[in-house]
Amino acid sequence: MRHVPSWGKVGCLTLEWVALTVWVGGMIVLSGAVIPAVFNTFGGQDSGGIFLTRAFEGYQRFVMGASVILCAAAWFRWWSGDPMVAVGRSEIIVLVVMVMIVGLIIAVLHPHAAELQAQAFATKDETAKKAALESFFRVLMPIRSLYMFNLVLGLILIGIKAKRSLDQGR
């Protein structure tokens, strides 16, 4: 076990909780407040859709930062060797799956969806526009599902960390 000052462990755990708050809270706010507000406020599907694409791109930047913080903090806790801040197998598995999912969304699915969206909104012919929107929504459905699955994984990770905290209090 390496000697890590108490303030280092507290800071590490605090950063992890903040990162999880951004990850989980951001998705809850986007899906529960922003999406309904956009489609109930903006005039059309085009402007609302473009706004939401930009909002999710911003969320993705925050989640990338949260991923770095969560991975670095897990490594730091493992490196310290302190059993009080040890990293459990279930925590690592959930974190790895979360990061892989967000990587898939950010690197592969979202750019493809944004391209399809731009094509659909640029098309003037109604038949072609309808076909382009159908292609866009076919790609968007798995993205939505992955975001929701990642939200659940984030909540599970919070539960794992909360249980660990309670177990140490005994």
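Readers should treat all values here as calculations from the given coordinates under stated rules, not as data from a laboratory. As the structure is a prediction and not an experimental result, all values here were calculated from the model. Virtual Cβ from ideal backbone geometry, glycine too; neighbours counted across all protein chains shown.
Quick notes on this one:
- Computed over the chain with a Gaussian network model linking Cα atoms closer than 10 Å, the most mobile of ARG144, ARG61, ARG89 is ARG89.
- Of the DSSP H helices in the chain, those whose Cα atoms cover at least 20 Å axially and whose Kyte score averages -0.5 or more: 6-20, 45-80, 89-104, 126-168
- Stokes-Einstein D for the chain, Kirkwood Rh over Cα pairs, 10 °C, 1.306 mPa s (µm²/s): 89
- Förster radius 25 Å - calculated FRET efficiency between ARG144 and PHE42 (Cβ-Cβ, nearest 0.05): 0.85
- THR14, THR127, THR53 arranged by Cβ crowding within 10 Å, fewest neighbours leading: THR127, THR14, THR53
- Euclidean distance of C-alpha centroids, the stretch 17-38 and the stretch 110-136, integer Å: 26
- Distance (nanometres) between label positions extended 7 Å along Cα→Cβ at TRP17 and ALA131: 5.5
- Using a simple spin-label model with pseudo-atoms 7 Å out from Cα toward Cβ, SER165 and VAL108 lie 3.5 nm apart.
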